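Worksheet: the structure to be examined is printed underneath.
The values are calculated or read from the model by the stated rules, or taken from the named source; none is laboratory data. In this text the structure is predicted, and so the values were computed from the model without any measurement. We place every Cβ from the backbone using ideal geometry, glycine too, and count neighbours over all the protein chains shown.
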Amino acid sequence: DGDGDGDGDGDGDGDGDPYGGDQGQGGDMAGGGMGGGMGGDGPPPEQEHVDPEDYGFLEIWIFPADYTFGDEPIARAHTQNWDSGKYEISLPPGRYKLKVNSHQSTFNEEWYKGPDANADDVFTWDDAYVIDLTSSDKEDVDVELGAAPTGYVTGTLSDKDDSTIVPGWAEVTLHDPNDEDTMYWPGRMERWTQNSPDMSKDYVMQAPAGSYKMRVEFFDGTYVTSYYKSGGTTTSFDEADTITITTSHTDPNEGGSPLANINFDLAGAPTGTIKGTVVDKEGGASVGDWFSVILRGADEEWGEWRHLNVTITGSSYEAKAPEGNWKIMAESWPNYAEGFYAGADSDSATSWSDGATINVVVGEELENINFKLTYQADTSFDYGGPDANIIKGTVATADKTAVPRAKVELRSKDWMIWAEGKTDNDGKYSFAKLPSNTYLLTATPPAGVDAYAKYGKSEETSVDLTDGGTKEQDLTLAAANVYGRILKPDGNPATYVHFWIFEDSDGDGNFDWQSDGSAKEYDGETDSNGNFSLT
């Protein structure tokens, strides 16, 4: 899995931010909360925004009522929308039992207990209520999920060789003490401090009650994957200590008593060091306060992207990198798109195929890995409005993880104004000099980033700017029910391909058209990397 919600999909986005480590970032990881807060009394009520509830982690599972043959359902369904708890499923006449399956470890999985709201909650097939569909449809088959028993864990992630270093983003998983392959993800993990926007070495984690072995993994390759062991960290699952989290381990942010001192002394992975500069190709000017440096496989154009944990000083950077052959690129959105290293004194290439290969050797330095990037105008145009007419905010997932490079689209309600921009490395966007009007905004996850493959376009959100001024509006990406990638026969991405998903119960390859419109169908188009998602 790796996505922090326990669904086993393996998309590797539980690190909270695949761009981790760029300057100025801080906050959360592994599905963590937002952190921080507003000073004073906060905005007036008319400007407050409440994030919609995310039901994307739920599945409705159907089992036969008269016999049981295991844990797998005979039918499944999702809620009608990611932000709605309503569901509907069509079944042949029969007797059934219904379970709501939760992919988030801090919520229980519960069975339908029947129409009596005062009945005890049901957690087993044996005690579940029988739903009789032999003669008529059934409505109001409602299930209310309770929070799973959870506790809080605190500790520190430290560099074993340098106490001044704050390790970058990591994925934290909890493993069955007797089975390394059975793992769970914390419901929330925070690495922020009240008085600083920077990420901290200290963490606070909310996790399901139980006994586990705890693992920390860094996808940028800077540290060896490690398990908790008292008095020291180990790379061996068998040697790791078991921790027991109980409901008596309470939230330290509310004065509680967590399971404390679960600390990791992290050993550096076998790495070399890369040094260089990132500048504008016209005159060598700075590209801005921040930029990203990213490794791509030298032999696989559409393979893994590794966002390095860079230290930036002006236009210079330094980063540890895993050994091997790579192509390397830099970017500074929205004004500098990806450019591949092509030589110490060469303008950066715009494509992977034109980039030069570098070889990272353990313990050695590669210098003058320089980038000369081409400036591009921001696509949020000046529409002639007052300077003070601004709409800005942050794009995030439902668990408050900021999304860098998300596309934000804006249009006026009268369809006269259109604008498009991208979020920066902190997930922030801004549209300035807008005429007074009402605007509709949506956000789309960045194309080609595996960490956000399971997310789709946000709900369209209205912002009233008829009276002018500056308005802040955060946007939340929707959790996708279906997502993936379409490739051509040669293995390259099938870009901008229209697709159709439809019901075909008899397997004849044709859509199950119904005169009443009840048959389900969905369509869309792949992006520039062949990815698609449906919410």
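Observations, loosely collected:
- For the residues Pro386, Pro446, the requirement of being of a type outside the set (S, T, N, Q) and within 30 Å of Met205 (Cβ to Cβ) singles out Pro446.
- Filtering the stretch 312-327 to residues that are without any contact (Cβ under 8 Å) to a residue 40 or more places away in the chain and either buried (at least 16 other Cβ atoms within 10 Å of the Cβ) or not hydroxyl-bearing (Ser, Thr, Tyr) (or both) leaves Gly314, Ser315, Gly324, Asn325, Trp326, Lys327.
- Among the residues of the stretch 491-535, the ones that are of a type in the set (A, V, I, L, M), farther than 23 Å from Lys407 by Cα and under 26 Å from the mean Cα position of the chain (by Cα) come to 1 in all.
- All of (1) touching a residue at least 40 places away in the same chain (Cβ under 8 Å); (2) of a type in the set (S, T, N, Q); (3) part of a strand (DSSP E or B) hold for Ser458 with one exception: (3).
- Conditions (1) in contact with a Leu (Cβ under 9 Å, 6 or more places away or on another chain); (2) closer than 28 Å to Gly303 by Cα; (3) assigned to a loop (DSSP other than H, G, I, E, B): number failed by Ile501: (3)
- When residues of the stretch 158-183 are limited to those that are of a type in the set (D, E, K, R) and in contact (Cβ under 8 Å) with a residue 24 or more places away in the chain, the one surrounded by the fewest Cβ atoms within 10 Å (Cβ to Cβ): Asp161
- Test result for Asp490, without any contact (Cβ under 8 Å) to a residue 40 or more places away in the chain and either surrounded by 22 or more Cβ atoms within 10 Å (Cβ to Cβ) or out of contact with any helix residue (DSSP H, G or I) (no Cβ under 6 Å at 6 or more places or on another chain) (or both): yes
- Test: Lys372 is at positive phi and surrounded by 15 or more Cβ atoms within 10 Å (Cβ to Cβ): no
- Test result for Ala451, under 30 Å from Trp305 (Cβ atoms) and among the hydrophobic types (A, V, I, L, M, F, W, C): yes
- Asp161 meets the conditions (1) closer than 18 Å to Asp399 by Cβ; (2) assigned to a loop (DSSP other than H, G, I, E, B) in every case but one. The failed one is (1).
- Scan of the stretch 176-216 for residues that are farther than 24 Å from Glu254 by Cα, modelled with pLDDT under 90 and touching a strand residue (DSSP E or B) at 6+ places or on another chain (Cβ under 7 Å), ordered by number: Thr182, Met183, Tyr184
- Looking across Tyr522, Tyr496, one residue alone is of a type outside the set (A, V, I, L, M) and within 30 Å of Ser102 (Cα to Cα). It is Tyr522.
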